[in-house]
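FYI, it's all coordinate maths here, none of it is from the lab. The model shown is predicted, which means the values in this text are computed figures rather than measured ones. Because the Cβ atoms are built from the backbone with ideal geometry, glycine has one as well, and the counts that use them run over all protein chains shown.
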Amino acid sequence: MQFLKGICNFALIMTENLTGEAHRPGRIEVVCGSMFSGKTEELIRRMRRAKFARQKVEFFKPAIDVRYSEEDVVSHDQKHIQSTPIDSSASILLLASDIDVVGIDEAQFFDMGIVDVCNELANRGVRVIVAGLDMDFKGVPFGPMPALCAIADDVTKVHAICVKCGNLAYVSHRKVDNDQRVLLGETTEYEPLCRECYQKAIKEENERKDNHA
């Protein structure tokens, strides 16, 4: 009898959760952090909950991101969800009509128009969930992410673990010699570092460059 009560209570909690999920007003949620911090995984989790609540959802990603798949959004731990690759943020407004929840991955790669797009969608009553790098490999705020954080109703900062010391990571350190701001890559090209280890790594790189000059 006690077991049946427990099952009923669990079902009631799940129903309440999904009811709340289905009645969220228009809003902007931003998930940001360094590479390997679980941004995309968290975005996929929220989108799947919305789908489970029988909401109409649409997922977008920049067309240039083809690391794991040309179409799907895929996290580093291989969780994936179907998406629509686009070249311009304006396309989202055209493709997101009659949608309850819009998910946007790798927002740092989009043009600044993404800020107005997210605002317009939220003002229409759409729940917008955005994930992206808050800083580039030099520790500089990345693209439209600072503006998106500023207008968001909710900002979640997630952290990777520093591969050098085990503290919370601060930035995505680029291990290869390339100064292009946009360079798609994985663990071969990048590593998450805390602030202290990042400063040490930059100092060592500068010393090596001076020695070879």
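Quick rundown of the values:
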item: In order through the stretch 136-146: 3J(HN,Hα) via Karplus (6.51 cos²θ - 1.76 cosθ + 1.60), integer Hz, x for Gly, Pro; result: 7, 5, 9, x, 9, x, 9, x, x, 4, x
item: Residue 172 long-range amide H proximity, modeled H, under 5 Å; result: 35
item: Estimated FRET transfer efficiency when R0 is 41 angstrom, pair residue 178-residue 153 (beta carbons, to 0.05); result: 0.65
item: For residue 83, distant residues with modelled amide H under 5 Å away; result: 72, 73
item: Under Karplus coefficients 6.51, -1.76 and 1.60, residue-wise ³J(HN,Hα) of the stretch 88-100 in Hz, glycine/proline x; result: 9, 5, 4, 5, 4, 4, 6, 9, 10, 6, 6, 10, 8
item: Added length on full extension, which subtracts the Cα-Cα distance from 0.36 nm per residue, residue 88 to residue 202; result: 37.7 nm
item: 5 angstrom amide H check on residue 156, placed H, neighbours 5+ away; result: 30, 31, 32
item: Protection proxy ranking, peptides 93-101, 106-114, average beta carbon neighbours within 10 Å, highest first; result: 106-114, 93-101
item: For the stretch 118-191, alpha-carbon Rg relative to the globular expectation (2.2 N^0.38 Å, N residues); result: 1.32
item: Partner lysines for residue 61 [C-alpha distance under 24 Å; skip if fewer than 8 residues away on the same chain]; result: 39, 51, 79, 138, 157
